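The values are calculated or read from the model by the stated rules, or taken from the named source; none is laboratory data. Keep in mind it's a predicted model, so treat the numbers as computed, not measured. Note that each Cβ is placed from the backbone with ideal geometry, even for glycine, and that neighbours are counted across all protein chains shown.
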Amino acid sequence: MDMWRRVWWRMAKRNCKEKNFNAIVKNSTDQISNVSLQGPKSREILKKIIFTPPTQPSIDELGWFRFTICRIEELQGIPLIVSRTGYTGELGYEIWCHPKHAPEVWDKLMEAGKDDGLIPAGFAALDKLRIEAGLILLALSLMESKILLKPGLVLLFH
């Protein structure tokens, strides 16, 4: 576990104890996978493959920082949580599923976005968009590193 995860982990446990929350802090990294779909066409791409039950907000109704419980294509499809989140400064969503379903979810997304020009991009691309949008990612932005010093962004924190 890297330093920032350890710090977050200790902080979460301490806050639960200090604030008397009736909560358990548990590492569930091996039980959930995440795919991020970002960009102006993300909503339309998702709508092609997401089934949302009437009791949940649809992709169209999903507000910023909100989520919905849904499935791929039909009531019996792969269960998902879709949140309207991301850190690119664009319209975007994060799709959460069990790791065993992640390859199929990926394939469905890529197929649904094929005609819209959807292409895979790694963390470096997302991080550049985050910086351009002026969004801070604490684990990266607040540590002293070449990432901050090269573009002169350290001035933002003085």
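Taking every residue in the range 38-56 that is among the basic types (K, R) and pairing it with any residue that is assigned to a strand (DSSP E or B), at least 6 positions away or on another chain, the pairs with Cβ-Cβ distances below 8 Å are R43/Y93.
Which residues, taken from the range 1-40, are of a type in the set (F, W, Y) and at pLDDT 85 or above? Talk me through it step by step, then tell me what you get.
The initial filter retains those residues of the range 1-40 that are of a type in the set (F, W, Y), namely 4, 8-9, 21.
Residue satisfying the conditions is F21 alone.
Do we have P40 as surrounded by fewer than 13 Cβ atoms within 10 Å (Cβ to Cβ) and under 21 Å from I119 (Cα atoms) here?
Values: surrounded by fewer than 13 Cβ atoms within 10 Å (Cβ to Cβ): yes; under 21 Å from I119 (Cα atoms): yes.
Criteria met by P40.
Taken together, the residues in the range 83-107 that are in contact with a Leu (Cβ under 7 Å, 6 or more places away or on another chain) and of a type in the set (K, R) amount to 1.
Identify all residues within the range 72-108 that are surrounded by 13 or more Cβ atoms within 10 Å (Cβ to Cβ), of a type outside the set (V, I, T) and closer than 22 Å to D30 by Cβ; write none if there are none. Residues satisfying the conditions are P79, L80, S83, E94, W96, C97, H98, H101, A102, E104, W106. Comparison of D127, D116 shows that the only residue that is closer than 30 Å to K13 by Cα, touching a residue at least 12 places away in the same chain (Cβ under 8 Å) and among the charged types (D, E, K, R) is D127.
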